[in-house]
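These notes concern the structure reproduced below.
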């Protein structure tokens, strides 16, 4: 990869955001398909554990290659851009799946959750929650696809911002750059 400042930082963020967006889309699709295959719930758990690792890899690689990431605030900004564009991709994939593949996802998910809780040994202790879920399905008081995608995006963007601000000083201090380090290049 050429190490020049021909592209703005936001464009680099969009390019690295593609990687994050694909990773988050895999997590979202595993979550959505877990309605039919409960073992995918474990896959979601393990994939979520990989988010800090993917974030580190992306930010460290970007720091090594992009001249504009000389200062710590720029690394943090890059992390926010990566998550922003990743969330856009993940939201589009999630919304497409719900709209076109499984339009009744929320009703099925609430019903399956209520049935699972009701089949447990402590179902009597959770009777109010079971009734609340069933009443929400009957009255149509479930979240919309837009609500779900926006909420998911805000949470992931917040997580990405926090991870980026935690990793920023560590990357700045310990990751070696192979770039010229004078101010005329930036």
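The values are calculated or read from the model by the stated rules, or taken from the named source; none is laboratory data. Everything quoted here is computed from the prediction, not taken from an experiment. Here the Cβ positions follow ideal geometry from the backbone for every residue, glycine too, while neighbour counts run over all protein chains shown.
Counting only residues that are more than 17 Å from residue 152 (Cα to Cα) and either modelled with pLDDT of 95 or more or in contact with a strand residue (DSSP E or B) (Cβ under 6 Å, 6 or more places away or on another chain) (or both), region 19-41 holds 1 of them. Report those helices (runs of 4 or more DSSP H) wholly inside region 19-122 carrying at least 3 residues which are surrounded by fewer than 13 Cβ atoms within 10 Å (Cβ to Cβ). The helices (runs of 4 or more DSSP H) meeting that bar are 40-49.
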